[in-house]
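Visitor: The following block contains the structure, expressed as structure tokens.
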Amino acid sequence: MSAPATLERLGFDPLRLNFTLRTALAACCALLVAWLVGLEHPQWSAMTVWAAAQPVRGQLVEKSFFRALGTIIGSVAGIGLLFAAHGQQWAIVLGLAVWIGLCAGAGNLLRGFASYGAMLAGYSAAMVTLLHSTLAAGPFVVGIDRMLTVLLGVGVALAMGWMFTAPADPDDPARRVRRLTRRILDDLAAHLAGTLPPGRGEHQTLLSEMAAIEDALDGHAAGSLRSRATIRAIRRLLTAQVALLLWMRRPPRPACDGALVAAVRQATAAFAADRPQDAEAHLRDDAGRTGSDRMLHDALEGLAEAEATQPNGADGARTGAHDGVVLHRDLIGAREALIRATVTLLAVGAAWLATGWEAGAFMLLGAAIMTSIFSTADNPAQTLKQVMMGQMLGAAGALTCRWLVWPHADSAFGLVLAMMPFILLGAFIQAHRRTAGPIGFDYSMVVLLMLQPAWPLAGTLAHSLMLAGAVVLGPAVGLMAFLLIFPVDGHRRQQTLVTMMVHDLQSMAAHPGAARQRAVWRARLYHRVLRLARWADKTGGSREQAMEGGFAVLLLGSAILHMDEALNQSDPAPGTARRLNAALARLRHVGSDPERAARALGVAATRLAADGTGDGDLLREAAAELSQRAAFIRLPGRAVSTAR
């Protein structure tokens, strides 16, 4: 039996084991080099190698950069806090609670590894302020030691990783999105010709695939300016595709211009033949043939503009189109993460100050890490249960090394060498299918956190057991925080997205002239619908309910922008203007009373159609969708309206 087959039979993933063994060897090298140059906490360099390791080169570069940047910012903040506190523990606790809360909030607003860097800046300050020892000359030395150990670890991780990791392929999502474009244009031509079979299941499948592609784009963008340009262009294509899906969900129009159908099919053929310039030209020709259908015109023009910015060979993105990409930012999640982290650290810090527990600093550090870094996890509470298991394994490994192995060493160099088998063991734990993920990773991190190779050995077994208990209490406190303070899981994140989309609708209705920012409003809503579709797939809930509700929100957004445009860019009759203003007034509170907003929108649709000055059908369809999806639109805690 071959070695890979034997490993698989034993439960190991051979490819992952190859990666984790390389990382473990790099961590051993970083530990040794940091000790040789005289850094006080050489184990922090090894921890950095584990934290920075990535299987793809671009992700390795970007995560290493943000780890270094976050560490520098956090260390400077920690140094400043130590100087400002003048040894007063209450001041340190208060300062850390505020700083880590701000960093946790920022991490929930940012994306990708920038989010990681923001949260790392929070708990790096905690490490500087809480783990400084009497060996250090002062807070400045502690902060410098933290920065140097991390920078050394980043350097080792980059050197080792650069030799063995492969670059990401940003063209892979681009190819997938182009295939989707061809499918959507095929459906569009059939819809225009009246030959598309009825049913919305295909639209949901397409939206689900688009959401899965979008969810992975940040990883493909990491580490390269060209890749970032490619990913921005892909996001523009996805936005344009959502717009076309939305239009196709409207009832078929009467016999359509055959030339438009033919032009759409020509654009599809150009995409299939990989002739992007021809595809763009055909799409612009399509947009010019849509007549008075503003919604279809904008969708086709948006697809043409998105195609105009797709990368073209080695030159990167082509120019000539608007380059802005408006993405969903989780403002609600950021606020909750800030409050959760701040309140938790104040509570844990107060308990530490009240009891004077010697190991309280370790517990506070653990709480700082858990309430910040895991605040962006899909299900923090579930993840922290695995983290606790990993940290218990790590604490057991550290105690074994300290009290069964280290006593046989005769120098600091011997202590460093004795740590290496425990580091290498982490590679096997992380590569086993039962312990991969948080369990294996946290074993490796806690083993290193608790083992500082200082000679001669000092301390007692009772003291080590107390520190181990404090370390494990960190994720326990974090778990309680995520269960009690703004509990969060996939379903809650999905509901938060719906809430923010409804708030967008209300803001659009409340701002005269919103149509002038049409591109911004639409892009943000389209991206939120993609995120909503992804969460629906992740949680295993009702995908149909989430996606149909998302499309209803998009149709309402289009109706609001159309009414705003009719009021501010044309000259409607006084009666029509009153009906439009009344509908917008109701839509400002659509989350509270969607039924009343639907009735007002229906009245406005009738008046607009009678005047012939706008797209009454759009408003009528939006009113029908709002009535049908009222339960989806209504915000939690709002009463059901019975008024007529």
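Visitor: Give the stretch 385-441 a look and list any residue that's within 25 Å of residue 35 (Cα to Cα) and of a type in the set (D, E, K, R), or say none.
Guide: Answer for the stretch 385-441, where residues must be within 25 Å of residue 35 (Cα to Cα) and of a type in the set (D, E, K, R): 402, 410.
Residues checked against (1) part of a helix (DSSP H, G or I); (2) of a type in the set (Val, Ile, Thr); (3) at pLDDT 90 or above:
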residue	(1), (2), (3)
579	yes, no, yes
586	yes, no, yes
592	no, no, yes
595	yes, no, yes
601	yes, no, yes
606	yes, yes, yes
609	yes, no, no
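Visitor: Condition test on residue 250, is it outside any helix (DSSP H, G or I), more than 30 Å from residue 116 (Cβ to Cβ) and of a type outside the set (S, T, N, Q)?
Guide: Judged against the criteria, residue 250 is a match.
Rundown of residues vs (1) under 32 Å from the mean Cα position of the chain (by Cα); (2) under 27 Å from residue 229 (Cβ atoms); (3) at pLDDT 80 or above, yes/no style:
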{"position": "257", "(1), (2), (3)": "no, no, no"}
{"position": "293", "(1), (2), (3)": "no, no, no"}
{"position": "306", "(1), (2), (3)": "yes, yes, yes"}
{"position": "311", "(1), (2), (3)": "yes, yes, no"}
{"position": "317", "(1), (2), (3)": "yes, yes, no"}
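Visitor: Evaluate the following for residue 49: is it surrounded by fewer than 18 Cβ atoms within 10 Å (Cβ to Cβ) and part of a helix (DSSP H, G or I)?
Guide: Numbers: surrounded by fewer than 18 Cβ atoms within 10 Å (Cβ to Cβ): no; part of a helix (DSSP H, G or I): yes.
Against the criterion (surrounded by fewer than 18 Cβ atoms within 10 Å (Cβ to Cβ) and part of a helix (DSSP H, G or I)), residue 49 does not qualify.
Visitor: Regarding residue 114, is this residue at pLDDT 90 or above, under 23 Å from the mean Cα position of the chain (by Cα) and surrounded by fewer than 24 Cβ atoms within 10 Å (Cβ to Cβ)?
Guide: Yes.
Visitor: Could you grab me the full set of residues in the stretch 54-85 that are more than 23 Å from residue 225 (Cβ to Cβ) and either buried (at least 21 other Cβ atoms within 10 Å of the Cβ) or in contact with a strand residue (DSSP E or B) (Cβ under 9 Å, 6 or more places away or on another chain) (or both)?
Guide: Of everything in the stretch 54-85, those that are more than 23 Å from residue 225 (Cβ to Cβ) and either buried (at least 21 other Cβ atoms within 10 Å of the Cβ) or in contact with a strand residue (DSSP E or B) (Cβ under 9 Å, 6 or more places away or on another chain) (or both) turn out to be 71, 74, 75, 77, 78, 79, 81, 82.
Visitor: Given the residues 566, 598, which is the only one that is hydrophobic (A, V, I, L, M, F, W, C) and either surrounded by fewer than 23 Cβ atoms within 10 Å (Cβ to Cβ) or under 27 Å from the mean Cα position of the chain (by Cα) (or both)?
Guide: Unique residue meeting the criteria: 566.
Visitor: Turning to a different aspect of this structure: Which members of the stretch 12-39 meet the condition of being at pLDDT below 90 and in contact with a His (Cβ under 9 Å, 6 or more places away or on another chain)?
Guide: Hits for the stretch 12-39 are 12, 13.
Visitor: Among the residues of the stretch 433-451, is any farther than 14 Å from residue 394 by Cα, β-branched (Val, Ile, Thr), in the same structural domain as residue 412 (by TED's automatic domain parsing) and not in a helix (DSSP H, G or I)?
Guide: For the stretch 433-451, residues farther than 14 Å from residue 394 by Cα, β-branched (Val, Ile, Thr), in the same structural domain as residue 412 (by TED's automatic domain parsing) and not in a helix (DSSP H, G or I): absent.
Visitor: Could you please give the count of residues in the stretch 530-571 that are farther than 24 Å from residue 250 by Cα and assigned to a helix (DSSP H, G or I)?
Guide: Total meeting the criteria: 5.
Visitor: If we scan the stretch 414-429, do we find a residue that is touching a residue at least 24 places away in the same chain (Cβ under 8 Å), loosely packed, with under 15 Cβ neighbours inside 10 Å, under 24 Å from residue 31 (Cα atoms) and more than 32 Å from the chain's Cα centre (by Cα)? Let's see the steps before the verdict.
Guide: Step one: of the stretch 414-429, the residues touching a residue at least 24 places away in the same chain (Cβ under 8 Å) are 415-416, 419-420, 422-429.
Checking the rest, the ones that are also loosely packed, with under 15 Cβ neighbours inside 10 Å come to none.
No - not one qualifying residue is present in the stretch 414-429.
Visitor: Only one residue in 558, 592, 627 is touching a residue at least 12 places away in the same chain (Cβ under 8 Å) and in contact with a Pro (Cβ under 9 Å, 6 or more places away or on another chain). Which one? It would help to see each step written out before you state the result.
Guide: Values: 558 fails: in contact with a Pro (Cβ under 9 Å, 6 or more places away or on another chain); 592 fails: in contact with a Pro (Cβ under 9 Å, 6 or more places away or on another chain).
627 is the lone residue from the list that is touching a residue at least 12 places away in the same chain (Cβ under 8 Å) and in contact with a Pro (Cβ under 9 Å, 6 or more places away or on another chain).
Visitor: Give the residues of the stretch 441-453 that are under 15 Å from residue 23 (Cβ atoms) and either in contact (Cβ under 8 Å) with a residue 60 or more places away in the chain or surrounded by fewer than 20 Cβ atoms within 10 Å (Cβ to Cβ) (or both), sorted by residue number.
Guide: First pass over the stretch 441-453, keeping only residues under 15 Å from residue 23 (Cβ atoms): 441-445, 447-448.
Of everything in the stretch 441-453, those that are under 15 Å from residue 23 (Cβ atoms) and either in contact (Cβ under 8 Å) with a residue 60 or more places away in the chain or surrounded by fewer than 20 Cβ atoms within 10 Å (Cβ to Cβ) (or both) turn out to be 441, 444, 445, 448.
Visitor: Name the single residue that is surrounded by the most Cβ atoms within 10 Å (Cβ to Cβ) among those in the stretch 191-216 being assigned to a helix (DSSP H, G or I) and at pLDDT below 85.
Guide: 192
Visitor: Take residue 37 and decide whether it is closer than 20 Å to residue 115 by Cβ and surrounded by fewer than 23 Cβ atoms within 10 Å (Cβ to Cβ).
Guide: no
The values are calculated or read from the model by the stated rules, or taken from the named source; none is laboratory data. From a predicted model like this one, the values you see are computed outputs, not experimental measurements. No Cβ is skipped: glycine too gets one built from the backbone with ideal geometry, and neighbour counts run over all protein chains shown.
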